[in-house]
Each structure stands twice: as C-alpha cells, then as structure tokens.
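The values are calculated or read from the model by the stated rules, or taken from the named source; none is laboratory data. What you see is a predicted model, and the numbers here were worked out from it, not measured in a lab. Here the Cβ positions follow ideal geometry from the backbone for every residue, glycine too, while neighbour counts run over all protein chains shown.
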C-alpha cells in the first residue's frame, strides 16, 4: 500500500466528518470557549435610561453656556438611587457615574470644571457642548436587537454582553465526545510499580489534553490488554457512550500482537486509509464505525502526540465548528539539516528569538519517537517535506509551533 501524503490524509479525514448540530443550554460560567447554537437577542435595553458618564453636576445646557455662572445644587443622583425631582433654571444635581440623568437636565459638567462655593452652590469654570457626558438610553443595544450570532465562539467580551442582555444561560453546540482507548499487555497506569516487561502508559494523558484543548469531552476507556474480545468490548462501550470519535493508542499495525485494526474491521469499521508518508507517525489509521470516526494513533508517545496535533486537533475543531488553529510559522534553522527521504519529517526543536527579533530553531540531536522528554522540551516541529534537499544553518524553514518562546 502506497503511503498517503499528510495533506491528502487530512483532507480525507475532514471531508468525511460532519460537524455537530446538537445543542444544549449552559450557564454563563460554563460557556467560555463554546460555540453559540442560535442567534441571541437582547432581553433588555442598555442603558435602560440616560445616565452620566462622569462624576459631576447634571443641569441645563443654557446654564453651562458661560464661565462663572453660579448654580444651586438641589439634590443628588447616584447609581441605583436617582433624583426624583426636576432640574430647573439655575439649578444642578450632584451626579455620579452611571446614575440616572434627572428630569430637566441635558448636560453634565464634570466635577473638575466646577468650583464649590461656601454656601453650597457651584461656579462653572468651563464651557461645554449640549449633551456632554451623557450616555443616552439604548446607546449600546435595545431590547430585541440581535447582538450575538450562531457560530460565534464565546469569549470574555461576548459573555459580558450576553449577561448584559439578561441571559443567564446560552444555547451552545454540544462538545464532540472523544473516547480514548490504550491497548497493550505491557501497559500500566501512572502510579503503578512496573515489572521487568512493563511500562507506564503515558499517551492517553497527552492526547486527552490536546482533545480537551480543542473543545472535546473525554471518555477514558482505560487500558485494554491485547485480546480481541477485550478490545471489542471497549469499542462497544465507546459506541454506547455516544462517542463521536474513537482514538486508539497503539496496536493499529499488522503484527501478530497488533489486534486493534482487525478487531475494528470485525466490528464493522470501514477502513478509509492507513499508513501516512510522515515521520514520526507512519502507522496512522482512519476509518468509520457506524458514524463514529476512528483515529488509530501510533503507540510511541511522540508519534502519538504529533499525529494528534496534525489530525485530531483539526478534526475536533471541525466537528465542534471552532475556527481552525493556525500553528504555522517560519524560523531559521540554527543547525544544518540533511536531505529528507520520501516521508514528511517533523523535527523536534527549541525556539528562540534572534537579536533582530526573528525566530530561530535549534533541533535536538536525538529524534527517537519514544523520547517524551525531548518532545516536552520542544517549542516547535520543523517541517521537512518529502525529498527536501539539505540546507545550511540559517536557512528559513516551515515550522509547526507548539509554544512560543519566552526570550
């Protein structure tokens, strides 16, 4: 079977995936990062009344037309406690930010432009235009105005205006459900005491973190031994839980102990493609099982994480109607790179900024796909296309950003 190019594999994966349309109501505190399912109209008018934008004195513009005018202070208007009387000629009301503008007043003189007199009156020290420092009723929005649209990703600003429109809950698209299944007789959960032939399972936690970071709800199916019946039972559990995506970790190749692919096929999976022209991550598997997307990731930790970033992240953002995340960038390699073979290579590297502000990437000398520490220390992956020629140090290269440098 010919190896599939990375770009072609991603196109096929996303083309077969259908974004979610199911929705649910969530409270404002739980809505950050969620995608609105419907348009949202204002339930109130804001501001609900003319109010002051500054601390000062509310009065008639005619009385503020000349410097030196002396005016009587007849009351006070504070937020939540307005002045109930009427402002007449030669009168002002002490007013505070957000307080209702009293009847008869049409302008606010800020307190810095008013001189307090010993008898309690004020004297104007500034001439201002009519309507100054007043926020008119409905300046922001009026009841019935559609302010937020379906498809908007909720952030701090949109949640603030939703609350201001008097919505305690919002309709949002349901999160894609991702079931994660680790397989292997050698695997033990963190905290265990491994025997001579056993290792601690790590992939689940990194892949789950990537999935959560891209809006998914996680179903952890745990670790299953290399047994077709046990694997089939875990797959059935994922279906019963309503998983949109089943991610398997390891066992997707065709060795004597690699039982995942054959078990999934026996369970009804239609295999779309398998084996990608990339390093690390060649044995990636993609299929569909009764409407559930199956993504089989390699067992090596770095291969699993790289494939999750390249394929699981865009898949989940597509399913959840989130905008795709742009991890692309350019950096100058600090170390000469050899010519590449037929597979697209993702080379782990540190990032730093040069004296001119440009990004520079320093590759690690060891690139083994089992080395978790190297990946944890990497800020980017240098992307080496198939058959890329050797390049000297200082050559600009395409990168996939994992984290931005702090220096």
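Looking at the stretch 144-155, is at least one residue modelled with pLDDT of 95 or more, under 30 Å from residue 269 (Cα atoms) and not in a loop (DSSP other than H, G, I, E, B)? Explain how you work it out, then say what you get.
Residues of the stretch 144-155 modelled with pLDDT of 95 or more: 144-155.
Okay, now just the ones that are also under 30 Å from residue 269 (Cα atoms), so none.
Within the stretch 144-155 (the criterion being modelled with pLDDT of 95 or more, under 30 Å from residue 269 (Cα atoms) and not in a loop (DSSP other than H, G, I, E, B)), the answer is no, since none of the residues qualifies.
Each row is one residue, and each column tells you yes or no for (1) farther than 30 Å from residue 49 by Cβ; (2) without any contact (Cβ under 8 Å) to a residue 12 or more places away in the chain.
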residue	(1), (2)
138	no, no
147	no, no
161	no, no
188	yes, no
194	yes, yes
207	yes, no
217	yes, no
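Could you tell me whether residue 336 is touching a strand residue (DSSP E or B) at 6+ places or on another chain (Cβ under 6 Å) and surrounded by fewer than 22 Cβ atoms within 10 Å (Cβ to Cβ)?
Details: touching a strand residue (DSSP E or B) at 6+ places or on another chain (Cβ under 6 Å): no; surrounded by fewer than 22 Cβ atoms within 10 Å (Cβ to Cβ): yes.
So residue 336 fails the test.
In the same structural domain as residue 76 (by TED's automatic domain parsing) and surrounded by 15 or more Cβ atoms within 10 Å (Cβ to Cβ), is that true of residue 118? If you could, list the steps in order and put the result at the bottom.
Details: in the same structural domain as residue 76 (by TED's automatic domain parsing): yes; surrounded by 15 or more Cβ atoms within 10 Å (Cβ to Cβ): no.
No; evaluated as a whole, the condition is false for this residue.
Tell me yes or no: at least one residue of the stretch 234-246 is over 22 Å from residue 14 (Cβ atoms) and modelled with pLDDT under 95.
no
Go through the stretch 290-307 and report how many residues are in contact with a strand residue (DSSP E or B) (Cβ under 9 Å, 6 or more places away or on another chain) and under 29 Å from residue 33 (Cα atoms). Steps first, answer last, please.
Keep residues of the stretch 290-307 that are in contact with a strand residue (DSSP E or B) (Cβ under 9 Å, 6 or more places away or on another chain), which gives 292-299, 302-307.
Among the residues that remain, those that are also under 29 Å from residue 33 (Cα atoms) are: 292-297, 302-307.
Of the residues in the stretch 290-307, 12 are in contact with a strand residue (DSSP E or B) (Cβ under 9 Å, 6 or more places away or on another chain) and under 29 Å from residue 33 (Cα atoms).
Return yes when residue 310 is at pLDDT 95 or above, within 16 Å of residue 179 (Cα to Cα) and in contact with a strand residue (DSSP E or B) (Cβ under 9 Å, 6 or more places away or on another chain) and no when it is not. Give the steps one after another, and end with the answer.
Numbers: at pLDDT 95 or above: yes; within 16 Å of residue 179 (Cα to Cα): no; in contact with a strand residue (DSSP E or B) (Cβ under 9 Å, 6 or more places away or on another chain): yes.
It is false that residue 310 is at pLDDT 95 or above, within 16 Å of residue 179 (Cα to Cα) and in contact with a strand residue (DSSP E or B) (Cβ under 9 Å, 6 or more places away or on another chain).
Residues 131, 164, 157: which one is assigned by TED's automatic domain parsing to the domain that holds residue 108 and over 30 Å from residue 199 (Cβ atoms)?
131
Within the stretch 81-93, is there a residue that is loosely packed, with under 14 Cβ neighbours inside 10 Å, in a strand (DSSP E or B), outside the structural domain of residue 145 (by TED's automatic domain parsing) and out of contact with any strand residue (DSSP E or B) (no Cβ under 7 Å at 6 or more places or on another chain)?
Yes: the stretch 81-93 contains one or more residues that are loosely packed, with under 14 Cβ neighbours inside 10 Å, in a strand (DSSP E or B), outside the structural domain of residue 145 (by TED's automatic domain parsing) and out of contact with any strand residue (DSSP E or B) (no Cβ under 7 Å at 6 or more places or on another chain).
Kindly indicate which of 48, 2, 58 is in contact with a strand residue (DSSP E or B) (Cβ under 7 Å, 6 or more places away or on another chain) and not in a helix (DSSP H, G or I). Even if it seems obvious, please write down each step before you answer.
Numbers: 48 fails: in contact with a strand residue (DSSP E or B) (Cβ under 7 Å, 6 or more places away or on another chain); 2 fails: in contact with a strand residue (DSSP E or B) (Cβ under 7 Å, 6 or more places away or on another chain).
The match here is 58.
Please indicate, with yes or no, whether at least one residue in the stretch 17-38 is out of contact with any strand residue (DSSP E or B) (no Cβ under 7 Å at 6 or more places or on another chain) and farther than 30 Å from residue 160 by Cα.
yes
In the set 281, 222, 250, which member is surrounded by fewer than 16 Cβ atoms within 10 Å (Cβ to Cβ) and on the phi > 0 side of the Ramachandran plot? Steps first, please.
Details: 281 fails: surrounded by fewer than 16 Cβ atoms within 10 Å (Cβ to Cβ); 250 fails: surrounded by fewer than 16 Cβ atoms within 10 Å (Cβ to Cβ).
So the residue among 281, 222, 250 that is surrounded by fewer than 16 Cβ atoms within 10 Å (Cβ to Cβ) and on the phi > 0 side of the Ramachandran plot is 222.
From 64, 49, which residue is in contact (Cβ under 8 Å) with a residue 40 or more places away in the chain, more than 30 Å from residue 21 (Cα to Cα) and surrounded by 17 or more Cβ atoms within 10 Å (Cβ to Cβ)? Spell out how you get there, then give the answer.
Working: 49 fails: surrounded by 17 or more Cβ atoms within 10 Å (Cβ to Cβ).
None of the other options fit; the residue is 64.
Checking the structure you have, find out if any residue of the stretch 20-41 is at pLDDT below 95, at negative phi and in contact with a helix residue (DSSP H, G or I) (Cβ under 7 Å, 6 or more places away or on another chain).
yes
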